[in-house]
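Here's the structure we're looking at; comments come further down.
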Amino acid sequence: MSVTTAELIDEYVHWLRQRISSKQVGEWVEINTPFLDRHNDFLQVYMREEPTGYFLSDDGYIIHDLRMSGCELDTKNRQLFLRQVLNGLGVKRDENTDALTIQATRHNFAAKKHSLVQAMLAVNDMFYLASPFVANLFFEEVRDWLRTTEIRFVDNIKFVGHSGFDHRFDFVIPASNRSPMRIIRAINRPAKDAVLQLSFAVTDTKEARDPDCKAYALLNDSQRRPDTPIIEALKSYDIEPILWSERVRVRNELAA
């Protein structure tokens with residue numbers, strides 16, 4: 001006989017109950033959940049009883065851990081993502097301690113605790129915008145610049161190359177009555193391997209794009225200026241290299 005939905009739910013609840021434990025820590029109760037963070041450690045929720053119900057908190061662990069890993073919440077996109085996650089789950093962020101918190105009553109305690117844990121897991125995933133995934137940080141910076149300078153674009157577009165491989169470009173600016181399509185790759189670490197990869201992608205997808213399509217490489221020079229051979233190699237493949245510090249010079253060209 002097939003398992004019913006109700007039975008599956010009961011099994012899930014039983015699994016949760018078997019793996020949840022708690023202990024008193026001063027005025028708080030530390031609740032160990034069966035959910036893992038990116039370190040494969042069990043997430044912990046702290047509960048304090050109040051006259052109106054219960055106050056639940058992660059004690060600032062999630063955001064503090066992100067910051068220790070190099071993921072600061074200092075861009076518009078991250079702040080927007082954080083607000084969307086927390087607002088959608090009814091969770092608040094303490095501006096002083098960075099703790100994720102939620103209020104609960106006796107009747108909705110389980111649902112509120114679940115919402116807090118879901119928020120912790122979602123915000124924890126913001127790590128993947130941080131080092132060693134630091135290229136995403138430069139990608140965000142480029143995207144913010146395109147938006148604030150009113151350059152229309154579509155991000156994360158894939159073209160199928162002549163070889164059959166898919167190639168992703170960070171940004172595509174559609175053709176207008178003044179300019180052809182433009183494709184952009186944001187290169188956080190302008191090194192030989194990145195140049196070879198982009199050169200192959202541009203060459204391989206030539207037939208899939210507009211014949212007059214122009215390719216750009218936005219190069220992050222915030223730490224060091226790319227070596228001359230890198231610049232020359234891009235030019236040899238008809239890819240225009242743009243240093244990030246000099247991006248203003250192509251603003252009108254990209255906006256056309």
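The values are calculated or read from the model by the stated rules, or taken from the named source; none is laboratory data. Source: prediction; values computed, not measured. No Cβ is skipped: glycine too gets one built from the backbone with ideal geometry, and neighbour counts run over all protein chains shown.
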(request) Could you grab me the full set of residues in region 145-160 that are in contact with a helix residue (DSSP H, G or I) (Cβ under 6 Å, 6 or more places away or on another chain) and outside any strand (DSSP E or B)? (result) Thr149, Ile151, Phe153
(message) Checking Ser115 against (1) hydroxyl-bearing (Ser, Thr, Tyr); (2) touching a Lys or Arg at 6+ places or on another chain (Cβ under 8 Å); (3) part of a helix (DSSP H, G or I), only one condition comes out false. Which one?
(response) (2)
(message) I'm trying to understand the selection: among the residues of region 207-238, which are without any contact (Cβ under 8 Å) to a residue 40 or more places away in the chain and in a strand (DSSP E or B)?
(response) Lys214, Ala215, Tyr216, Ala217, Leu219
(request) Residue by residue through region 109-123, note down the ones that are surrounded by 15 or more Cβ atoms within 10 Å (Cβ to Cβ), modelled with pLDDT of 85 or more and not basic (Lys, Arg). (result) Ser115, Leu116, Val117, Ala119, Met120, Leu121, Val123
(message) Go through (1) within 21 Å of the chain's Cα centre (by Cα); (2) modelled with pLDDT of 85 or more; (3) not charged (D, E, K, R) for Ala130 and report which single condition fails.
(response) (2)
(message) Just to check your reading of the model, which residue among Phe81, Phe109, Phe42 is touching a residue at least 12 places away in the same chain (Cβ under 8 Å) and farther than 30 Å from Asp144 by Cβ?
(response) Phe109
(request) Report the residue count in region 201-237 for those that are within 23 Å of Phe159 (Cα to Cα), at pLDDT 90 or above and either of a type in the set (A, V, I, L, M, F, W, C) or surrounded by fewer than 17 Cβ atoms within 10 Å (Cβ to Cβ) (or both). (result) 8
(request) Find the residue count for region 161-192, including only residues that are under 23 Å from Arg143 (Cα atoms) and not in a loop (DSSP other than H, G, I, E, B). (result) 14
(request) Go through region 37-61 and give me each residue that's loosely packed, with under 15 Cβ neighbours inside 10 Å and within 14 Å of Ala104 (Cα to Cα). (result) Arg48, Glu49, Glu50, Pro51, Thr52
(request) Assess whether Arg48 counts as being basic (Lys, Arg) and outside any strand (DSSP E or B). (result) no
(message) Out of everything in region 84-104 that is β-branched (Val, Ile, Thr) and touching a residue at least 40 places away in the same chain (Cβ under 8 Å), what residue ends up being nearest to Arg143 (Cα to Cα)?
(response) Thr101
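Rundown of residues vs (1) over 30 Å from Leu66 (Cβ atoms); (2) of a type in the set (S, T, N, Q), yes/no style:
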position: Thr149; (1), (2): no, yes
position: Ser179; (1), (2): yes, yes
position: Ala194; (1), (2): no, no
position: Asn220; (1), (2): no, yes
position: Glu232; (1), (2): yes, no
position: Arg247; (1), (2): no, no
position: Ala255; (1), (2): yes, no
(request) Please work out which residue is modelled with the lowest pLDDT, limiting yourself to region 51-83 and to residues that are within 13 Å of the chain's Cα centre (by Cα) and in a helix (DSSP H, G or I). (result) Asn77
